[in-house]
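Peer 1: Supplied in structure tokens, the structure appears directly below.
The values are calculated or read from the model by the stated rules, or taken from the named source; none is laboratory data. Model, not experiment: these values are computed from the prediction. Glycine also receives a Cβ, built like all others from the backbone with ideal geometry; neighbour counts cover every protein chain displayed. In case anyone asks, the SASA skips ligands and DNA or RNA and just uses the protein heavy atoms, side chains included. Shrake-Rupley method; radii C 1.70, N 1.55, O 1.52, S 1.80 Å.
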Amino acid sequence: MPTLTIDNQQVTVHDGATVFEAAEQLGIVIPHFCYHKALGAVGACRMCAVTVHAGIFKGLQMACLLKVEEGMVVTTGDPRSVEFRARVAEWQMLNHPHDCPVCDEGGECQLQEMTIAGGHGRRRYRGEKRTYNNQQLGPFIAQEMNRCIQCYRCVRTYRDYCGGRDFGVMGSRNRVFFGRFQAGPLESDFSGNIVDVCPTGVLTDKTYRFKSRHWDLQEAASVCPHCSLGCATLPGGRYRELQRVRSGINEQVNGCFICDRGRFGSSYVNHPDRPRQARLAEQPVTVVDALQQLAGQARELIETHGPEAVLLLGSSRATLETNWLLQRWAAELGCRPPLLAAHTPRHQAARVAAFDLADRLASLAEVRQADLLVLFAVDPLAEAPLLAVALRQAVRNGGRVLVYDPRPVELPCEFEHQSLTVLQIRNLLAEETVESTLLRELLDRAARPVLIGGGDLLGAGGLRHLQRLATKASSALRPCLVHPVLGGPNSFGSALLSPPEPGEDDLLTRLESGRVKMLVCLETDPLLEAPDGERFADTLTRLDELVVFDYLPTPLSVHATLFIPSTAPVEAAGSFINNEGRLQLFGRVIEPGLPIAVTGGGDHPPREFFTVTPGSDPQPAWQLLQQLLGGRADLQAVRQRMQVALPCLAGFAELQPGGPGLRAAAAVAPGRFEESLPEQPLGSLQLLVTPARYGSDLFSRYADKLAPRFSAAGIILNPQDAAERGLNAGERVILDTDAGSYRLPLTCHAGLAAGCALVENSAAFPHLVPGGELGFCQVSAEVAHD
Amino acid sequence: MTEQLIMLGLILVKLLLVFGVILSMAAYLVLAERKILARMQLRYGPNRAGPGGMMQPMADLIKLLTKEDFVPAQADKWLFLLAPGLSALTALLTFAVIPFGPPLQIFGQTVPLVICDLNIGLLYFLGLSSLAVYGMALGGWASNSKYSLLGAIRGLSQLISYELAMGLSVVPVVMMARSFSLTEIVLAQQQIPFALLNPPAFLIFLISIVAESKRIPFDLPESENELVGGFHTEYSGMRFGLFFVGEYINMVILGSMLTVLFLGGWSGPWLPGVVWFIIKVLAICFFFIWVRGSMPRLRYDQLMNFGWKVLLPLALLNVLITGAVLLWIG
Amino acid sequence: MPLLRDIKGSFQPFWVTLRNMFRKPVTVQYPEQRPELPERYRARLILTRDPDGAERCVACYLCSAACPVDCISLQAAEAEDGRRYAAWFRLNFARCIFCGLCTEACPTLAIQVTADFELAGRDPLKLVYEKEDLLVDHCGRQPDYNFYRQTGIGVTAPRGGNPGESPPVDVKDLLP
């Protein structure tokens, strides 16, 4: 722990820290370009020069590279380093165009800041400026190479940190160019991060092009809702439109980066078809009337038909507070406790994570530091993209990644893939195979092993096996941690609120019993978000009332007899619990309302005065429930009550948006769980439904900015299986499942485990939902019509 | 019987005349003040309404009457409505005892040109001038606004500080005239006005009535730079108008008082008494306006210091000296 | 003698004000008498065009950021040729204090002040000027400046074609 003096202030830092980090600890900002917290130092830009007065190396040194020594004396503001930095800034501005007014980075540009900080204000160089031709880099990233100052941050992020391969540096001497070999869309699923790291306006967000300046944006620390990881984000909105999302920083979860799905998939908030007004039997009503109607009807139905008559359905998309208040409302109404997820298998898997695995959950930070990572039935890029980046960091730190998955998994790092079917993985976990023994040995030898399990394919049973394996592989010296991947942004929270009860029946059984007269769906659409959508659709006809609270234009909200608009996660404060039990708060970014871009139709806003904002009817779901409960408590008071009612949420009320969050998990003794795996019918294939990378979760499905990345519908078979059935790639084939039969184009992929059929749940093919019970299917050639 | 009727009729005529003259004087004083101040500041002042801006008082009246009559939500409603009336009324009532001319011979009768010649007219004036401050104090209190309240408090303390000196400065006048009746006082000055006989008392009374009228340099209850509008911050429309008119009526009344007590009232050569009286009052009003154009507002502590530590001892001393001199003369 | 000074100081202002009463007022009787305005008078704002006749405003939002009373709101958009322009630009003269900070902030010399001060009206909405009301057909006070010829990104001229720029480099060239 050396102590040094920077600008007459003493600071003690950890061993191996650099002068730059020490200064940061003191709150002294040393100008810099190429240094980035996540990427480390390369000492390329020479901007962070400081003067060392006492130490081994005296004189001008680069703060980002210089390791701290005991007794060092450093100044950052002495004439020598100031003059040096001013010259570096001037030299970096040699070729930089004077186009700040038309540059999207203006206002949040590190080059602007550092040029001012460096004291360079007047151009002395009279030579010609170097120019480049730009490349088209796809729908998300705009490039303007003339502005480049060659800091290499983009390449270090794209290639080194995120593992992309199609973006790099070309050219020599004064012609160094950052881009693809040929123009074309960037292939990496983490391409958006180069926008965040670029210190100037070379790489900017094309979807946000010319929309706003940074200083005009309303921003708040938020949590990404697109998958269960709960990455920190900084969404920014203006004129009631959510315009962009930047990566937030949460060292425990995402670090400094997020995936493209989270970054560019936010336009669901401003979906043109978003229902913004309460509707009763197709007629617009006020929210107050709608709530009165709902409360009155629910009470009446319970009085006449008993507590079964009203079924409340929570969601893994709804916030923790909303789900909890839904439970309170059910208690007040006297109906049965609400189901907090429409997707029962995913919910059960989340319960295993919340209760059985509570004491051995690994955060993404722990994944990044692990030396052995074993993935069971997880395809990170599809299910939890940033997990793939975390895996890459583990590999860069010398870790080893083993993947057991039936799908042709791709990862941005080196890994060993074993194509096993889901049943084989289950057997492996149950330690019934030779491979299991080998795996145990590997785990025992590892210093920081982490098991990663996909809740979708493994299910509750599989995760429980994973828990057993982890317990066995743990020793007194070190635990073997588990990182479960779950369904929705708040799956863990919904599970935590609904402890397992014996003899519980699921949504469909209850609906099919015929006793339910009114179904209240709170921010969920079982038609799209739960398996057996067809069966669910059939039961809807038996309902007297279908009440939907939602902020997405889902099909169910169209069917609803009573629809009440609620706010999207960025339009209200709330909290989610991510897949590893981390309770995170998010703040309100924008107010709900029709964007000015819509009300003005692209031209200036209407020249009329309104007392209310158009389209501002949606209210936070928790607030709507508060009104139903007759309470007036604010969100903070609700949180206070929640942390009293649920001891595992201790500290909830003190939590703030941003920051690392809070571990909320309830460790209980593993419950008994019986599960019988279905027998595979002869000649059938195991049906695998995997989420598409873009457009599988409802948020990204309704985000038009992501549309260019949506995949087409299709089925993938192992070439061997295809050959056995006489099928050729490219043909349309018929997929017969329990839920129905579909005609899909066939692709063959040798990476897929034999005996499996893989379909992607996406915008183009929403019929099968990932994470259902293990199912089987038949694939046959299309019958030719004569 | 008929005599009494004629007397009653004459009193009514006097009342109406005085009422009309005072109100229109107050109204045109506003205009005069604006014009004179403007000229002192190298401006023209109001010159749009009517020829040379002569209709400006009418325009102001119409404006004030058509403005919203606003009562703040948390105000004490009745006191709030009462206060402006009180302020204007007390000012008007004072004129009852002021003799504005020598007795007139009409229809064979001697009509004194005073509405009511009280033998304690001076005390009546002092009493009413103390009551006048209630309009301001209640208005400031009832508005339930910090500015109004501060203005009212300042007004009250200013009143206590200056009433005392004012009261003491008229004691020599009473001693010299040997009467409380204002007519007697005027008659006592036929030869030499008291202003020349007893200049210290005149000066103290002059300063005190400027303070009494809450005008610059003693306009601390209003002080629009610090207290927005002081006690009448929350008033609008004609209620504000009443305060405003009250201030100018007060100016006329106090000018008349000064004329009566020190400048010899209606007495003067060549011209009729009433004309002399009006000339003197208008000259004093011009002086008031001139002071406003020339002096800055005092600071609060300066004002209190001046009142208690300078004016009061001076006035006391003056009473003693006058008494001694009168005794010596016999 | 502070007392003497004080007494003198109390009487002097009376003399000053009295003297001024007999001087000629300096007030300009506006509707009948036209005021002579200084050359750099700040009144109604306009959006000028560059010498080529295109809009100078690039909707950089600096004017709205500089505006102390928030009377400017606008939305940037991109034209076919990559030119950044204001899709709409609204200036609320009912709120404007004519401080001219927007013109100082404007990097393209688009927003400029004129001496036309006669803006008063009875309907506040008529004081809300849209882009078409603000845009004029001349260059305003700086007739020569064209932002896109100085920027270094190709909008008016091809890339690398502006003065002081070299043609685009061949990035695949490995020659020293």
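Peer 1: Exactly one of (1) open to solvent by 10 Å² or more (accessible area, probe 1.4 Å); (2) out of contact with any strand residue (DSSP E or B) (no Cβ under 9 Å at 6 or more places or on another chain) is unmet by A:Ala89. Its number?
Peer 2: Of (1) open to solvent by 10 Å² or more (accessible area, probe 1.4 Å); (2) out of contact with any strand residue (DSSP E or B) (no Cβ under 9 Å at 6 or more places or on another chain), only one is false for A:Ala89: (1).
Peer 1: Of a type outside the set (Val, Ile, Thr) and open to solvent by less than 10 Å² (accessible area, probe 1.4 Å): is that true of A:Pro272 in this structure?
Peer 2: In short, no.
Peer 1: Here's another thing I want to ask about it. Taking the condition open to solvent by less than 10 Å² (accessible area, probe 1.4 Å), more than 14 Å from chain C (Cβ to nearest Cβ) and under 21 Å from A:Leu234 (Cβ atoms), does A:Ile564 pass?
Peer 2: The answer is no for A:Ile564.
Peer 1: Can we say B:Arg39 is within 14 Å of chain C (Cβ to nearest Cβ), of a type in the set (D, E, K, R) and under 24 Å from B:Gly135 (Cβ atoms)?
Peer 2: No.
Peer 1: Has segment C:77-93 got any residue that is surrounded by 14 or more Cβ atoms within 10 Å (Cβ to Cβ), modelled with pLDDT under 95, among the hydrophobic types (A, V, I, L, M, F, W, C) and part of a loop (DSSP other than H, G, I, E, B)?
Peer 2: Yes, some residue in segment C:77-93 is surrounded by 14 or more Cβ atoms within 10 Å (Cβ to Cβ), modelled with pLDDT under 95, among the hydrophobic types (A, V, I, L, M, F, W, C) and part of a loop (DSSP other than H, G, I, E, B).
Peer 1: For B:Arg154, are the conditions met, namely being on the phi > 0 side of the Ramachandran plot and modelled with pLDDT of 80 or more?
Peer 2: Answer is no for this residue.
Peer 1: Also, quick follow-up: Mind checking which residues of segment C:120-176 are aromatic (Phe, Trp, Tyr) and either facing chain A (nearest Cβ under 7 Å) or under 30 Å from A:Arg147 (Cα atoms) (or both)?
Peer 2: The answer is C:Tyr145, C:Phe147, C:Tyr148.
Peer 1: Taking the residues in segment A:203-214 that are open to solvent by less than 10 Å² (accessible area, probe 1.4 Å) and part of a loop (DSSP other than H, G, I, E, B) as candidates, determine which candidate is farthest from the other protein chains (Cβ to nearest Cβ).
Peer 2: This residue is A:Ser212.
Peer 1: Read through the list (1) farther than 30 Å from A:Cys231 by Cα; (2) in contact with a helix residue (DSSP H, G or I) (Cβ under 6 Å, 6 or more places away or on another chain), then give the number of the only condition that A:Leu312 fails.
Peer 2: Of (1) farther than 30 Å from A:Cys231 by Cα; (2) in contact with a helix residue (DSSP H, G or I) (Cβ under 6 Å, 6 or more places away or on another chain), only one is false for A:Leu312: (1).
Peer 1: Right, next: So, in segment A:362-379, exactly how many residues are surrounded by fewer than 21 Cβ atoms within 10 Å (Cβ to Cβ) and within 16 Å of the chain's Cα centre (by Cα)?
Peer 2: Residues in segment A:362-379 being surrounded by fewer than 21 Cβ atoms within 10 Å (Cβ to Cβ) and within 16 Å of the chain's Cα centre (by Cα): 1 in total.
So that you can scan it fast, the table gives a plain yes or no per residue for (1) β-branched (Val, Ile, Thr); (2) open to solvent by 60 Å² or more (accessible area, probe 1.4 Å); (3) closer than 30 Å to A:Ser172 by Cβ:
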residue: C:Ile97; (1), (2), (3): yes, yes, no
residue: C:Asp123; (1), (2), (3): no, yes, no
residue: C:Leu135; (1), (2), (3): no, no, no
residue: C:Cys139; (1), (2), (3): no, no, no
residue: C:Asn146; (1), (2), (3): no, no, no
residue: C:Pro158; (1), (2), (3): no, yes, yes
residue: C:Pro167; (1), (2), (3): no, yes, yes
residue: C:Lys172; (1), (2), (3): no, yes, yes
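Peer 1: Every residue in segment A:740-758 that is closer than 24 Å to A:Asp538 by Cα and open to solvent by less than 40 Å² (accessible area, probe 1.4 Å), please.
Peer 2: A:Gly740, A:Tyr742
Listed here are the residues, each with its yes/no results for (1) without any contact (Cβ under 8 Å) to a residue 24 or more places away in the chain; (2) outside the structural domain of A:Leu519 (by TED's automatic domain parsing); (3) surrounded by 15 or more Cβ atoms within 10 Å (Cβ to Cβ).
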{"site": "A:Pro284", "(1), (2), (3)": "yes, no, no"}
{"site": "A:Leu291", "(1), (2), (3)": "no, no, yes"}
{"site": "A:Leu294", "(1), (2), (3)": "no, no, yes"}
{"site": "A:Ala298", "(1), (2), (3)": "no, no, yes"}
{"site": "A:Gly306", "(1), (2), (3)": "no, no, no"}
{"site": "A:Ala309", "(1), (2), (3)": "no, no, yes"}
{"site": "A:Gly314", "(1), (2), (3)": "no, no, yes"}
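Peer 1: Could you pull out the residue among A:Ser222, A:Ser188 that is over 25 Å from A:Arg582 (Cα atoms) and more than 14 Å from chain C (Cβ to nearest Cβ)?
Peer 2: A:Ser188
Results for (1) over 26 Å from A:Leu758 (Cα atoms); (2) open to solvent by 30 Å² or more (accessible area, probe 1.4 Å); (3) modelled with pLDDT of 90 or more, shown as yes or no for each residue.
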position: A:Gly399; (1), (2), (3): yes, no, yes
position: A:Leu402; (1), (2), (3): no, no, yes
position: A:Gln418; (1), (2), (3): no, yes, yes
position: A:Asn427; (1), (2), (3): no, yes, no
position: A:Ser436; (1), (2), (3): no, no, no
position: A:Glu441; (1), (2), (3): yes, yes, yes
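Peer 1: Every residue in segment A:49-75 that is of a type in the set (Ser, Thr, Tyr) and touching a Lys or Arg at 6+ places or on another chain (Cβ under 6 Å), please.
Peer 2: A:Thr51
Peer 1: Are there any pairs with C-beta distances below 6 angstrom linking a residue in segment C:57-71 that is within 11 Å of chain A (Cβ to nearest Cβ) and in contact (Cβ under 8 Å) with a residue 60 or more places away in the chain to a residue that is β-branched (Val, Ile, Thr) and open to solvent by 10 Å² or more (accessible area, probe 1.4 Å), with the two at least 6 apart or on different chains, and if so which?
Peer 2: Correct list of pairs: empty, since none qualify.
Peer 1: Still on this model: Please determine, by comparing only the residues of segment B:132-188 that are closer than 19 Å to B:Ala211 by Cα and of a type in the set (D, E, K, R), which one is surrounded by the fewest Cβ atoms within 10 Å (Cβ to Cβ).
Peer 2: The selected residue is B:Glu163.
Peer 1: Could you list, in sequence order, the residues of segment A:592-609 that are of a type in the set (A, V, I, L, M) and either closer than 15 Å to C:Val128 by Cβ or more than 9 Å from chain C (Cβ to nearest Cβ) (or both)?
Peer 2: A:Leu594, A:Ile596, A:Val598
Peer 1: Counting just the residues of segment B:1-36 that are within 14 Å of chain C (Cβ to nearest Cβ) and of a type outside the set (A, V, I, L, M), which one comes out farthest from the chain's Cα centre (by Cα)?
Peer 2: The selected residue is B:Lys35.
Peer 1: Also, I was wondering about something else. Test of understanding: among C:Ala65, C:Ala76, which residue is in contact with a strand residue (DSSP E or B) (Cβ under 7 Å, 6 or more places away or on another chain) and either of a type in the set (Asp, Glu) or closer than 13 Å to A:Pro101 by Cα (or both)?
Peer 2: Being in contact with a strand residue (DSSP E or B) (Cβ under 7 Å, 6 or more places away or on another chain) and either of a type in the set (Asp, Glu) or closer than 13 Å to A:Pro101 by Cα (or both) holds for just one of C:Ala65, C:Ala76, which is C:Ala76.
Peer 1: List the pairs whose first member sits in segment A:747-758 and is outside any loop (DSSP other than H, G, I, E, B), whose second member is open to solvent by 50 Å² or more (accessible area, probe 1.4 Å), and whose Cβ atoms are under 7 Å apart, counting only residues at least 6 apart or on separate chains?
Peer 2: Taking only residues 6 or more apart or on different chains, the pairs are A:Thr747/A:Ala729; A:Cys748/A:Pro719; A:Cys748/A:Ala729.
Peer 1: Continuing with the same structure: What are the residue pairs meeting all of these: first residue in segment A:680-700, first residue assigned by TED's automatic domain parsing to the domain that holds A:Gly772 and under 14 Å from A:Pro531 (Cα atoms), second residue polar (S, T, N, Q) and open to solvent by less than 10 Å² (accessible area, probe 1.4 Å), Cβ atoms under 6 Å, and 6 or more apart or on different chains?
Peer 2: Going by the 6 Å Cβ cut-off, the qualifying pairs are A:Val689/A:Asn761; A:Pro691/A:Asn761; A:Ser696/A:Asn761; A:Ser696/A:Ser762.
Peer 1: Can you name the residue in segment A:76-126 that is assigned to a loop (DSSP other than H, G, I, E, B) and under 30 Å from A:Ala54 (Cβ atoms) and is also nearest to the other protein chains (Cβ to nearest Cβ) among such residues?
Peer 2: For segment A:76-126, the residue satisfying everything is A:His120.
Peer 1: Return yes or no: is A:Cys162 within 30 Å of the chain's Cα centre (by Cα) and within 14 Å of another protein chain (Cβ to nearest Cβ)?
Peer 2: Judged against the criteria, A:Cys162 is not a match.
Table: residues versus (1) part of a loop (DSSP other than H, G, I, E, B); (2) crowded, with 17+ Cβ neighbours inside 10 Å.
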{"site": "A:Leu137", "(1), (2)": "yes, yes"}
{"site": "A:Arg159", "(1), (2)": "no, yes"}
{"site": "A:Val169", "(1), (2)": "no, no"}
{"site": "A:Ala183", "(1), (2)": "yes, no"}
